[in-house]
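Step one of this worksheet: look at the structure below.
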Amino acid sequence: MPRTKTDQELIDADRDLYSGLIRLHVMHHASEEPIFGLGMMEELGRHGYRISPGSLYPLLHGLEKKGYLTSREKRNGKSLRKEYRATPLGRKALKAARSKVLELLRELIEGE
Ligand SMILES: [Zn+2]
């Protein structure tokens, strides 16, 4: 008998569902201006995505490892923070994703 999903399982499923959107969101902002972890968490929160530092930082590192983001340490008062920008490869990937997002959006809206 299939058991009902727990709230935690639903939240985890949401995370899977939205992880690509969150990545695209991060890439979009990183292509416009340098971003840093805490600021990006606030920005994503503004859009209704709750993401912890424990999820966001590995995501940023992953995008950097892929060559989509580049980072450098920047002094902020007494502390150092890591600043990320989109690389030319990251911009190219974002541009390719844009048409896919538009296509999906069209289907989602037509389906209503
Ligand atoms: Zn945004």
Item to check | Residues (modelled with pLDDT under 95 and of a type in the set (A, V, I, L, M)) located in region 60-95 | outcome: LEU80
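Residue-by-condition table, conditions (1) assigned to a helix (DSSP H, G or I); (2) among the basic types (Lys, Arg); (3) at negative phi:
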{"site": "HIS28", "(1), (2), (3)": "yes, no, yes"}
{"site": "MET41", "(1), (2), (3)": "yes, no, yes"}
{"site": "LEU60", "(1), (2), (3)": "yes, no, yes"}
{"site": "GLU83", "(1), (2), (3)": "no, no, yes"}
{"site": "LYS92", "(1), (2), (3)": "yes, yes, yes"}
{"site": "ARG98", "(1), (2), (3)": "yes, yes, yes"}
{"site": "GLU103", "(1), (2), (3)": "yes, no, yes"}
Item to check | Test set (1) surrounded by 11 or more Cβ atoms within 10 Å (Cβ to Cβ); (2) assigned to a helix (DSSP H, G or I); (3) modelled with pLDDT of 90 or more - TYR18 fails condition number | outcome: (3)
Next on the checklist: Looking only at region 62-80, count every residue that is part of a strand (DSSP E or B) and either in contact with a helix residue (DSSP H, G or I) (Cβ under 8 Å, 6 or more places away or on another chain) or within 14 Å of ALA93 (Cα to Cα) (or both) and tell me the total.
Outcome noted: 3
Next on the checklist: Within region 14-26, take every residue that is away from the ligand (no atom under 11 Å from the Cβ) and in contact (Cβ under 8 Å) with a residue 12 or more places away in the chain and give me the one that is nearest to ALA93 (Cα to Cα).
Outcome noted: ARG23
Checklist entry - Counting only residues that are within 15 Å of the ligand (Cβ to nearest atom), in contact (Cβ under 8 Å) with a residue 12 or more places away in the chain and surrounded by fewer than 14 Cβ atoms within 10 Å (Cβ to Cβ), which one in region 34-67 is nearest to ARG15 (Cα to Cα)? => result HIS47
Next on the checklist: Among the residues of region 74-96, are any under 17 Å from LEU38 (Cα atoms) and of a type in the set (Ser, Thr, Tyr)?
Outcome noted: yes
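The values are calculated or read from the model by the stated rules, or taken from the named source; none is laboratory data. From a predicted model like this one, the values you see are computed outputs, not experimental measurements. Note that we place each Cβ from the backbone using ideal geometry, even for glycine, and neighbour counts take in every protein chain shown.
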